[in-house]
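The values are calculated or read from the model by the stated rules, or taken from the named source; none is laboratory data. If you're wondering where the values come from, they're calculated on a predicted model, not measured in any experiment. Methodologically, a virtual Cβ is constructed for each residue, glycine included, from the backbone with ideal geometry; neighbour enumeration extends over all protein chains shown. Surface accessibility is based on the protein's heavy atoms, side chains included, excluding ligands, DNA and RNA. Shrake-Rupley method; radii C 1.70, N 1.55, O 1.52, S 1.80 Å.
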Amino acid sequence: MPAVVSTHAPISETWTFFEGDWHEGNVGIMGPRTHAAWLGTMLFDGARAFEGVTPDLDLHLARINQSAVRFGLKPVVSSEEWMALSLDGVKRFAAGTPLYIRPMYWADTGMVGGGVKFDPESTRWCLSLYEAPMPEPKGISVTLSPQRRPTIECAPVDAKAGCLYPNNARAIWEASTRGFDNCLLRDMLGNIAELANANVFMVKDGVIFTPAPNGTFLAGVTRRRVIGLLREAGAEVVETTLTWPDFLGADEIFSAGNFSKVVPVIRIEERELQPGPVFRKARELYWAFAHGG
């Protein structure tokens, strides 16, 4: 199938490996009959290249294949092939360009004439890299979202699936209408699960707390890395059940996620917070790790 480049909206510099070759720009990868285009059977992962480094790229590329297995698609690209293509793609940009690296799988056709049940044998894939500046860690404001994280009985929460993100998007949109940058989402039991686009940490009396993985959110690669780095540095990190009042009374709050890495929360509801020493330590440790220090 020939590649078609979409020009409907301006985008940053982008290169995508699809159908055996590299294509520049917003290359078309789906048609109106593509199962993923109308029924949401698409998976992705995201890694970062910045300041000449690609921290935990191997873990992100391994996770896209894990997601495929859990979702029921076929992981038709090996981790080694993903890695070789990713490094080749990075070279297409000017040295040091901050990039988002996004491998993707999706179902092309459905069973029985294109119905809801997708055909794993129709799994297709691409790898897209595009310029995405690293956000400055100026801090964000957060509120409590009325939206909830689903359980595994309701949605494929054990995979990084695109169909999960509209709920997070509407949570951020709702928070923005009330003057906040982001929001905390609860699970179905009413406990805090994560921010709408990142994992979350809080600090109380020098102890670092983060929601324990309970099957309602992805415990991210960057989250796991930050926990390990803090513990190696002698900090106490507790994975446990946390509530909204816990966060309201926290001394510090910060996020950990692939896109922005480690970012402080500087306001929760109407309460102002300062980027604290634990946040600064976590970000310092992560940057040192990323650069091989």
Q. Roughly how many percent of the accessible protein surface of the chain is carbon and sulfur, given a 1.4 Å probe and a whole-percent answer?
A. 56
(Q) What figure, in Å² to the nearest 10, do you get for the accessible area of residue 287 with a 1.4 Å probe and non-protein molecules left out? (A) 50
Q | Residues whose placed amide H lies under 5 Å from that of residue 26, excluding near-sequence neighbours | A | 6
Q) In degrees, nearest 10, range 0 to 90: what is the angle between the Cα axis of helix 277-290 and the longest Cα principal axis of the chain? A) 30
Q.
Using alpha carbons only, how many angstrom separate the centre of region 275-293 from the centre of region 143-158?
A. 30
Q. Rg to Rh for region 64-217: what is it, with Cα atoms only and Rh by Kirkwood?
A. 1.02
**Q.** Mean Cα-pair separation over length for the chain, i.e. relative contact order, pairs under 8 Å, 6 or more apart, %
**A.** 16
Q: For region 184-223 and region 75-142, compute the distance between their C-alpha centroids and round to whole Å.
A: 25
Q. Among 208, 218, 240, which residue has its Cα positioned farthest towards the positive end of the charge dipole of region 153-293, with +1 placed on the Cβ of Lys and Arg, -1 on the Cβ of Asp and Glu, and the dipole taken about the Cα centre?
A. 218
(Q) Nearest 10 degrees is fine. How inclined is helix 57-71 to the longest principal axis of the chain, computing both from alpha carbons? (A) 70
Q. What residue among 24, 272, 239 shows peak mean-square fluctuation when the chain is described by a Gaussian network model with Cα springs under 10 Å?
A. 272
Q | Relative packing of peptides 220-230, 79-89 - highest average C-beta neighbours within 10 Å first | A | 220-230, 79-89
Q. What is the helix-to-structure angle for 165-177, meaning the angle in degrees between its Cα long axis and the longest Cα principal axis of the chain, kept from 0 to 90 and rounded to the nearest 10?
A. 50
Q) Of the residues 185, 39, 73, which exhibits the maximal mean-square fluctuation in a Gaussian network model of the chain defined by a 10 Å Cα contact cut-off? A) 39
Q) Over 22 Å between Cα atoms, which of 74/160; 160/261; 117/160; 138/281 qualify? A) none
Q.
I need to check one value: relative contact order of region 1-93, counting alpha carbon pairs closer than 8 Å and at least 6 residues apart, in percent.
A. 19
Q: Taking only protein heavy atoms into account and a 1.4 Å probe, give the accessible area per residue of the chain in Å².
A: 46
